[in-house]
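Everything on this sheet refers to the single structure shown next.
Quick note: the coordinates plus some simple rules give every number you see, no bench work behind them. Keep in mind it's a predicted model, so treat the numbers as computed, not measured. Quick reminder, even Gly has a Cβ in these numbers, built from the backbone with ideal geometry, and neighbours come from all protein chains shown.
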């Protein structure tokens, strides 16, 4: 087993080289090198990447190149978590799991975890099996969505949130549903978001109980493709 300091230094140099090369494509070589190097340093020190598998090597390569933008946003999430007395870094869910998991850190909605790049914040009580599965079977999907889609992911996800919110508001106004306005908007903007649909289905939690109220798709059609603990 290589010492964490050696792994951190090696991953930092490799990340900087990959990030600088990727950044040079858009004229941001220095910034790309800084982001790739910082991610490699933190991830190497924490032994996050599984170097023994193609999946782990691929995760590092994507985080340092195509997904560099979301990796940069993930670095900001590290900062938020560390400002909260370390954010309760969950080693059991992070070491050699190709992701960083914090029990606390950035939170947008109470009780909800949030994934930005390769960083999962707000996982909660990770000694609870249900919260563990939330990370391994739901949030991990978002980690890989960020990697596969790279800079397109925040655009597509955010675009759906905005468009869904508008569609939900229009639907509520047109039908005068008995549901509260906020619930209808949340259904369209969040729960019917295809990226969330995929993650909830992989977590065997689709449709979320009491959330859709007959609106939108009801079947977890991606369940067989992205079943729990399937290698992505």
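Computed from Cα atoms, the angle from the helix 4-24 axis to the main principal axis of the chain rounds to 70 degrees. Considering the values (i) 1.07; (ii) 0.99; (iii) 1.12, which represents Cα Rg over 2.2 N^0.38 Å as calculated for the structure under consideration? Here the calculated entry is (i).
Counting 0.36 nm for each residue step from residue 29 to residue 148 and taking away their Cα separation leaves a gain of 40.7 nm. Peptides 124-133, 142-151, 90-99, ordered by how many other C-beta atoms sit within 10 Å of their residues on average, highest first, read 142-151, 90-99, 124-133.
Scoring 40-47, 160-167 by mean Cβ neighbours within 10 Å over their residues and listing the highest first yields 40-47, 160-167.
Over the chain, dividing the summed -39,500 (n - 2.57) contributions of all DSSP H runs of at least 4 residues by the number of residues returns a 222 nm mean residue ellipticity of -16500 deg cm²/dmol. Here the spin labels are modelled as points 7 Å beyond Cα on the Cα-Cβ line, and at residue 45 and residue 161 they lie 2.9 nm apart.
For the chain, the longest principal axis of the Cα atoms and the long axis of helix 152-175 meet at an angle of about 10 degrees. Taking a point 7 angstrom from the Cα of residue 88 along the C-beta vector, which residues in region 130-147 have backbone N less than 15 Å away? What the label zone holds, given the 15 Å backbone N cut-off, is 130-135.
For helix 68-83, what angle does its Cα long axis make with the longest principal axis of the chain, in degrees from 0 to 90 and rounded to 10? The answer is roughly 90 degrees. Here's the picture: a label point sits 7 Å out from the Cα of residue 96 along the beta-carbon direction, and within region 39-67 the residues with their amide nitrogen under 12 Å of it are 47-53.
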